[in-house]
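Structure first, then comments.
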Amino acid sequence: MAEQKQQIEEFVPNEYSAGFVTDIESESLPVGLSEDIVRQISKIKGEPEFLLEWRLEAYRHWLTLETPEWAHVNYPEIDYQEISYYSAPKDKKDGPKSLDEVDPELLRTYEKLGVPLEERARLAGVAVDAVFDSVSVANTFQDKLAEEGILFMPFSKAVKEHPELLKKYLGSVVSYRDNYYAALNSAVFSDGSFVYIPKGVRCPMELSTYFRINAANTGQFERTLIIADDDAYVSYLEGCTAPMRDENQLHAAVVELVAMERAEIKYSTVQNWYPGDENGVGGIYNFVTKRAACRGESSKVSWTQVETGSAITWKYPSVILQGDNSIGEFYSVAVTNNLQQADTGTKMIHLGKNTSSTIISKGISAGRSSNAYRGLVRVGPNAENARNYTECDSLLMGDTCAAHTFPYIEVKNPSAQVEHEASTSKISEDQLFYCKQRGMDTEDAVSMIVNGFCKEVIHQLPMEFAVEAQNLLGLSLEGSVG
Amino acid sequence: MLEIKNLHASVDGKDILKGINLTVKPGQVHAIMGPNGAGKSTLSNVLAGRDGYEITQGSVVFKDEDLLDLEAEERARRGVFLAFQYPVEIHGVSNIYLLKAAVNAVREHQGLDELDAMDFLTLVREKLQLVKMNEEFLYRGVNEGFSGGEKKRNEILQMALLEPALAILDETDSGLDIDALKTVSEGVNALRSQDRSIVMITHYQRLLDYIVPDFVHVLSDGQIVKSGDKELAKELESKGYSWVTDAPKAGQTA
């Protein structure tokens with residue numbers, strides 16, 4: 001058995017194929033955080049007064065907060081004065097232009113990452129907003145979408161063109177008072193994606209934002225806001241990568257979703273930020289606040305996430321089920337290898353009547369990593385007949401990793417039905433030997449077994465990304481079985 | 001086909017196989033019988049290349065290659081097949097996915113093109129008949145919720161698909177009722193051929209009524225203590241293992 005472990009460890013380290021750096025001149029603000037920096041960001045972006053005021057309020061509030069320490073993760077204290085809060089490829093007048101004008105070096109970067117920015121790549125059927133460090137650099141299919149009245153644009157453009165929508169919805173789901181990182185993001189966010197689907201419109205293609213951190217010593221603080229008006233539908237996907245660097249980088253995003261009457265939002269994430277090396281050096285700190293409000297009756301929000309990257313992942317995509325008969329779903333695969341740490345899960349807040357939620361969480365731990373599921377199911381006093389089903393499964397590889405489950409259940413209405421199931425298993429040597437005896441090599445066998453374990457979640461992903469996610473799972477765990 | 005010479009193997013420092021000698025020629029069916037703890041499963045695991053066994057002495061040559069030098073998957077691709085005593089369940093992986101991956105791994109080794117989904121389906125449907133399995137089995141998780149008989153039939157289905165040169169059947173009869181035993185045996189018999197060797201490992205003589213071996217060997221305390229034809233199995237059945245295991249070991253008589 002020891003022999004097998006040794007043999008398997010030869011496959012490590014696995015390759016992080018997105019780890020290259022794009023050699024492009026960028027303009028960054030000096031490191032450090034102050035009211036002045038917040039003002040400068042707002043000025044660079046040419047923002048209206050109300051937004052600057054909002055940023056400053058958030059910043060002042062952030063100053064009164066302390067780093068949250070309840071998560072099951074360990075890391076050295078972050079020096080917020082050592083981070084640059086804005087970095088953009090040079091020679092940007094304002095936001096993205098047509099693709100012909102985009103720096104070819106940038107196009108090549110996204111090509112290398114397998115992101116179709118060329119609109120001729122119609123087979124993919126995906127509209128992409130590409131966010132490079134702090135700004136959006138390309139945004140495809142905008143015209144086609146505009147025909148349907150759909151707004152899909154960089155956040156900074158929405159600020160200028162649709163301030164009334166921003167005023168109405170920004171911070172309405174995640175207040176800057178929500179938590180430490182949400183406050184920080186609200187003060188210094190630089191770009192992100194904005195989506196508005198008008199009443200009765202089914203968005204005809206997948207919308208996607210591709211986040212890329214390139215510059216060193218910068219943080220990425222993006223903000224995504226998606227509004228599906230009455231009877232609207234949208235499926236949205238985000239992907240993330242970053243170069244391999246020895247220092248940790250901070251990614252503190254905020255995502256707000258609003259679903260009105262009978263609207264449906266499907267939000268999928270394939271997160272592959274640089275996880276650090278096998279000794280835990282470098283990697284992204286992924287501290288993200290994601291929340292959806294099912295405001296309208298019979299609305300539905302579904303979060304699907306495949307989290308394979310980042311040194312530390314701290315995120316809880318949640319749904320506030322306000323509208324009667326609204327539905328919240330959370331499907332998650334979180335993989336940790338080497339010294340990665342993840343504390344992730346969801347919150348389902350049942351407020352309306354006949355609301356239901358489903359949570360399927362699959363945690364896979366390998367190496368010396370730590371993987372925690374943390375979830376809250378809260379049923380308010382007026383939420384008659386609320387239902388929740390939760391399933392948390394953990395898969396351990398080897399005997400030096402850890403899996404934890406922290407379920408919180410608060411029920412204030414006696415008609416609620418809340419179910420929780422949990423399991424922990426290991427990839428057994430029996431399974432591996434069985435596959436090998438049928439001619440499969442270890443890597444293929446591990447990949448197959450892991451994909452089987454995650455099947456229910458992978459099935460939720462849009463077709464184009466399910467394949468990518470499956471490959472990613474195999475890569476992230478290459479050689480990690482003992 | 002297979003030549004085992006003076007094979008010694010141990011697990012965690014404890015000697016289990018203590019000098020096995022066995023020659024299996026193409027087309028032959030050998031039965032290896034023996035009491036519990038004799039080393040039967042160890043022998044099949046060592047031949048298939050399972051980790052955790054230390055080979056302390058001896059050699060195993062399979063089709064002119066040193067088998068012990070190869071990884072488990074390399075042996076499988078060269079035609080060594082083990083029908084497991086306890087086939088494992090793999091949650092969420094459909095049976096057909098595993099079967100196709102296995103067949104294509106072998107084909108790739110043989111320099112053949114991978115079978116696509118349609119060709120594979122045609123092939124697997126034909127083989128399903130052999131073990132009287134319903135197509136629905138293909139789409140269930142690997143061995144998930146299969147009965148004992150279904151698991152064993154699934155093993156023989158894999159053997160039929162992979163067409164191995166050497167099939168090792170490890171206690172294929174265990175846990176089977178008489179009907180399932182018949183089905184499985186008929187499947188195996190249909191796979192007997194001039195160029196395929198079969199090594200059956202079993203505790204009971206019962207299986208040998210259905211799959212009639214050319215040779216029977218008795219394994220005891222890590223050595224083959226007696227060899228003969230199918231009559232030996234009958235004799236064992238009536239006299240018990242103590243008849244051979246308590247007798248002086250073959251070749252050690254004065």
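If you take every DSSP beta bridge fully contained in the protein assembly as shown, what fraction is antiparallel? Give it as a percent rounded to 5.
Values: 36 of 180 bridges.
Expressed as a percentage, antiparallel bridges in the protein assembly as shown total about 20.
Quick check: from the Cα gyration tensor, does chain B come out rounded (a/c under 1.5), prolate or oblate?
Since a/c reaches 1.5 and a/b is larger than b/c, the shape of chain B is classed as prolate.
If you average the alpha carbon positions of the stretch A:439-471 and of the stretch A:399-426, how far apart do those two centres end up, in angstrom?
24 Å
Before I look further, what does chain B give for accessible area per residue, probe 1.4 Å, in whole square angstrom?
So chain B comes to 44 Å² accessible per residue, rounded to a whole number.
For the stretch A:231-379, give the magnitude of the charge dipole about the Cα centre (Cβ charges: +1 Lys/Arg, -1 Asp/Glu; no others), in debye to the nearest 20.
With only Lys, Arg, Asp and Glu charged at Cβ, the dipole is about 400 debye.
At 1.4 Å probe size, with every protein chain present, just tell me what the per residue accessible area of the stretch A:169-326 comes to in Å². Mind dumping the intermediate values first?
Working: 3290 Å² over 158 residues.
Result: 21 Å² of accessible area for each residue.
Are there residues in the stretch B:7-50 whose accessible area shrinks by at least 50 Å² when all protein chains are included rather than the chain by itself, and which are they (probe 1.4 Å, ligands and nucleic acids not counted)?
B:Arg50
Just to confirm, what accessible area per residue do you get for the stretch A:409-482 at 1.4 Å probe, in whole Å²?
Roughly 42 Å² per residue, with all protein chains present.
Taking the 0 to 90 degree range and rounding to the nearest ten, how far is the long axis of helix B:178-190 tilted relative to the main principal axis of chain B, both from C-alpha atoms?
Rounded to the nearest ten degrees, it is 80.
Counting only other residues whose beta carbon sits under 13 Å from that of A:Ala263, what net charge do I get with K and R as +1, D and E as -1? Present the calculation step by step, with values, prior to reporting the outcome.
Details: positive: A:Lys199, A:Arg202, A:Arg262, A:Lys266, A:Arg295, A:Lys300; negative: A:Asp229, A:Asp230, A:Asp231, A:Glu261, A:Glu264, A:Glu297.
Net of charged neighbours comes to 0.
Among A:Thr289, A:Val333, A:Ser299, whose Cα lies farthest out toward the positive end of the dipole of the stretch A:286-378, if unit charges sit on the beta carbon of Lys, Arg (+1) and Asp, Glu (-1)?
A:Thr289
Could you tell me which trypsin sites (Lys or Arg not before Pro) in the stretch A:404-449 are loop residues by DSSP with no more than 14 other beta carbons within 10 angstrom of their beta carbon?
A:Lys412
Subtract the Cα-Cα distance of B:Arg206 and B:Tyr86 from 0.36 nm times their separation in residues, and report this length gain in nm to one decimal.
My answer for the length gained is 41.3 nm.
³J(HN,Hα) across the stretch A:451-462 via Karplus (A = 6.51, B = -1.76, C = 1.60, θ = phi - 60°), whole Hz, x for Gly/Pro?
Rounded to whole hertz, the list is 5, x, 4, 9, 3, 4, 7, 4, 4, 7, 6, x.
Quick one: pull the percent of accessible area on the stretch A:241-342 belonging to carbon and sulfur, 1.4 Å probe, ligands and nucleic acids left out.
Here carbon and sulfur together make up 41 percent of the probe-accessible area.
When the accessible area of the stretch B:170-254 is split by element with a 1.4 Å probe, what percent falls to carbon and sulfur?
With neighbouring chains kept in place, the figure for the stretch B:170-254 is 47 percent.
Calculate, for A:Ala422 and B:Asp113, the FRET efficiency according to 1/(1 + (r/R0)^6) with r their C-beta to C-beta distance and R0 41 Å; round to the nearest 0.05.
After rounding, the FRET efficiency stands at 0.40.
What quantity of accessible surface, computed with a 1.4 Å probe and excluding non-protein components, is buried in total between chains B and A, in Å² to the nearest 100?
Adding both sides of the contact gives about 2400 Å².
Where a ≥ b ≥ c are the square roots of the eigenvalues of the C-alpha gyration tensor, would you call the stretch B:49-139 rounded, which needs a/c under 1.5, or, failing that, prolate if a/b is larger than b/c, or oblate?
prolate
Run down the lysines and flag those whose C-alpha is under 19 Å from the C-alpha of A:Lys43, throwing out any fewer than 8 positions away in its chain.
A:Lys90, A:Lys92, A:Lys93, A:Lys157, A:Lys160, A:Lys167
Would you mind checking the pairs B:Lys18/B:Lys182; B:Lys25/B:Lys182; B:Lys132/B:Lys239; B:Lys14/B:Lys234; A:Lys436/B:Lys25; B:Lys5/B:Lys127 and listing those with alpha carbons more than 29 angstrom apart?
Numbers: B:Lys18/B:Lys182 34 Å; B:Lys25/B:Lys182 26 Å; B:Lys132/B:Lys239 36 Å; B:Lys14/B:Lys234 32 Å; A:Lys436/B:Lys25 25 Å; B:Lys5/B:Lys127 35 Å.
Over 29 Å apart, Cα to Cα: B:Lys18/B:Lys182; B:Lys132/B:Lys239; B:Lys14/B:Lys234; B:Lys5/B:Lys127.
Just from its helices, what would the mean residue ellipticity at 222 nm be for the protein assembly as shown, if runs of 4 or more DSSP H residues each count -39500 (n - 2.57) and the sum is divided by every residue, rounded to the nearest 500 deg cm²/dmol?
After summing the helix terms and dividing by residue count, I get -8000 deg cm²/dmol.
What residue among B:Val11, B:Val142, B:Val199 shows peak mean-square fluctuation when chain B is described by a Gaussian network model with Cα springs under 10 Å?
Maximum fluctuation in the GNM of chain B, among the listed residues, is at B:Val11.
Taking a ≥ b ≥ c as the square roots of the Cα gyration tensor eigenvalues, with a/c under 1.5 meaning rounded and otherwise prolate when a/b beats b/c, else oblate, which class fits the stretch B:108-215?
Because a/c hits 1.5 or more and a/b fails to exceed b/c, the stretch B:108-215 counts as oblate.
Setting aside same-chain residues fewer than 8 positions from A:Lys353, which lysines have a Cα under 17 Å from its Cα?
Cross-link targets: A:Lys300, A:Lys412.
Counting pairs of alpha carbon atoms under 8 Å apart in space and at least six apart in sequence, what relative contact order in percent does the stretch A:193-316 give?
In percent, rounded to a whole number, it is 25.
Can you give the FRET efficiency to the nearest 0.05 for A:Asn74 and B:Glu231, using r as the Cβ-Cβ distance and R₀ = 56 Å?
Working from the Cβ atoms, E equals 0.20.
Suppose we compare each residue of the stretch B:157-195 in its chain alone and in the full protein complex with a 1.4 Å probe; which ones drop by at least 20 Å² of accessible area?
In the stretch B:157-195, residues shielded by partner chains: B:Gln158.
For the stretch A:224-340, take N as its residue count and report Rg(C-alpha) divided by 2.2 N^0.38 Å.
Against the empirical 2.2 N^0.38 Å value, I get 1.18 for the stretch A:224-340.
If the cut-off is 16 Å between C-alpha atoms, which lysines fall inside it for A:Lys144, apart from same-chain ones fewer than 8 positions away?
A:Lys97
Calculate what fraction, in whole %, of the accessible area of the stretch A:358-482 sits on carbon and sulfur atoms when a 1.4 Å probe is rolled over the protein chains.
Carbon and sulfur: 49 percent of the exposed surface of the stretch A:358-482.
The values are calculated or read from the model by the stated rules, or taken from the named source; none is laboratory data. Remember, predicted model here, so these are calculated numbers, not experimental data. A quick note on method: Cβ atoms are made from the backbone with ideal geometry, for glycine too, and the neighbour counts reach across all protein chains shown. Ligands, DNA and RNA are stripped out before the accessible areas are found, and what is left, the full protein with its side chains, is counted by its heavy atoms. Shrake-Rupley method; radii C 1.70, N 1.55, O 1.52, S 1.80 Å.
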